[in-house]
Structures are given as structure tokens and as C-alpha cells.
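Here is the structure we will look at, set down as C-alpha cells.
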Amino acid sequence: MQSIGERFEEARKRKGISLREAAEATKIRSDFLGNIEQDKFDFELPEIYKRGFLKNYARYLKLDPENILTDYHAHVLSKTRGNKKGAELFGSMEVKSSTEEPIHSGEESSYGHISSSTPTSEAEEDANLEDDSDKMFYIKAGLVAVGTLALVVVIFSLMKAILGGDPEVETPDLREPSAITETAESTTPDVPDAVTEDSITLIATGNVFVAVKQKNDNQILFQKTLSGGETVSLTKIGPVVILFTAGENLVVVNPAGERIRSEREGQAKMTIQ
């Protein structure tokens with residue numbers, strides 16, 4: 001009749017599995033599996049771990065765990081009886097059972113996933129450990145995914161804020177602030193608003209922001225930064241107010257064909273009839 005170790009070894013080799021592969025699959029150290037296949041059950045571990053190893057290894061190799069544990073109990077019983085007989089020959093000696101050894105939590109990870117509960121609940125404890133491990137894995141994966149998504153949103157928002165800025169000169173207030181004064185070489189007196197349609201031309205000699213507002217209906221006819229050498233023609237009805245940021249960089253051609261330039265540099269405004 002085959003021993004416990006011989007049955008394990010034969011089943012493993014029949015499946016073409018190495019001891020290392022079996023150790024990785026069962027989470028049991030390969031040296032413990034090697035001792036089991038050689039029927040060496042005297043390695044320094046509590047009995048609860050040894051029985052757990054045998055049951056897990058039997059399940060992995062598709063052997064009957066109950067038959068394996070029954071044969072193991074018989075093996076332990078026969079060995080215990082032999083030890084008692086030897087003790088009777090040499091006198092009374094105190095024998096400390098390995099089941100009384102304390103189980104330290106620090107050793108558990110190196111021995112494998114074996115529960116310290118009673119034999120009747122070992123399968124349930126193994127399943128609970130596996131379920132807890134799976135839950136922790138999914139929780140960690142979810143936290144990583146949420147953190148990655150938040151980081152992507154923050155980066156996208158920063159890029160949008162950086163790339164979405166308007167490089168043009170800030171639009172001045174069109175309500176004729178007190179800092180802007182009306183000065184122009186033309187001294188044409190004000191005349192009543194005309195309803196005829198005519199045109200003016202804006203000529204930029206340098207970078208200048210220009211805003212043109214029609215006085216009759218307060219319509220904004222033009223509002224933009226002009227570069228040096230750029231020319232714009234506008235059609236208007238009645239007088240217009242022209243506001244600009246750099247008077248030295250702007251020339252206005254009125255409907256009569258006259259070139260008008262501001263008398264001062266910087267911000268100013270002028271009215272064209």
C-alpha cells in the first residue's frame with residue numbers, strides 16, 4: 001500500500017507539476033511539500049498547520065483530503081504509541097505535544113494560508129481568507145483608479161487654464177474714463193449728427209488697441225489690437241468715438257481724406273464726425 005508521501009508525489013508527477021509550481025499555487029513552502037512527499041512529518045510546526053498543509057495539497061492534486069487526513073492520523077497515532085513504548089523502557093518522561101506550541105502571527109505568512117481554528121472549520125477559514133484578500137485587492141484597485149482619474153482632471157484643468165488665456169491687450173473701458181482726454185489736431189466744431197453713411201480708415205504704425213463706437217446707437221464698430229502696418233476701413237453713420245491705447249501708433253483718415261493723429265502718446269480718444 002502506498003504511503004501518504006508516495007501518493008502526493010505520484011499525483012504531482014502525473015500532472016507534470018514541479019515542487020516550485022505547487023508551492024506557488026498552494027502558498028506552502030517547497031521544503032514543507034518535499035518533507036510531506038518523503039513522509040517526514042516531524043518538521044517544526046504545530047499540528048494544525050501540518051493538517052492544513054495536507055488538506056490544501058490534497059485538494060490541489062485532486063486527492064481525497066479526508067482519506068489523506070485519516071491516514072495521517074493513523075500515522076501519528078502509531079508513532080505516538082511507539083514513543084510511549086520507548087518511554088516505558090527508560091522510565092517516565094514528560095512529552096510535550098506539538099499542538100501546545102503557541103502560534104505567532106508573524107510566522108503565519110511564511111508557512112502559508114493555514115487557519116488556526118479547529119479542524120472542522122478549516123475550509124471555511126481558508127475561504128474567508130481568500131475572500132478578504134480579494135476584497136482588499138479590489139478596494140486598492142478602485143482607490144488607484146479614482147486617484148488616477150482625479151490627477152488627469154487636475155492636469156487637464158491646468159492645461160486648459162494655461163492654453164485658454166487671451167494674449168491680446170486688455171479691452172479698455174468704453175465709458176470714456178476721466179484718464180482719457182480728447183485731443184486731436186482737427187478743430188472742426190461739433191455739428192448735429194448726420195444720417196449719411198461714410199467711412200473712416202485706421203492705419204497702425206505700431207501695435208495699438210483700437211475701439212470704435214458709433215455715437216447715434218452706441219454700436220461697437222471695431223474692437224481689436226492692430227499690428228504695425230495694418231490698415232482697416234470702417235463704414236459709419238454719423239459721428240464716432242475712437243479710443244486707443246497708444247496714440248503715437250495710430251493714424252485716422254476721416255471721411256474728408258484728412259490724416260489725424262493724436263497729439264499725445266499713450267491712451268486717448270478722439271471724435272470723428
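Where a number appears in this text, it was derived from the coordinates with a stated rule and is not lab data. Since this is a predicted model, take the numbers as computed values, not measurements.
Using alpha carbon coordinates only, what is the Rg to Rh ratio of region 197-272, with Rh defined as the Kirkwood radius? Don't jump to the answer; show the numbers that get you there.
On the way: Rg = 11.2 Å, Rh = 12.1 Å.
With Rh from the inverse mean 1/r over Cα pairs, Rg/Rh is 0.92.
Starting from the amide H of Ile260, placed 1.01 Å from N in the peptide plane, find each other amide H under 5 Å away whose residue is 5 or more places distant or on another chain.
Amide H neighbours of Ile260: Val252, Val253, Asn254.
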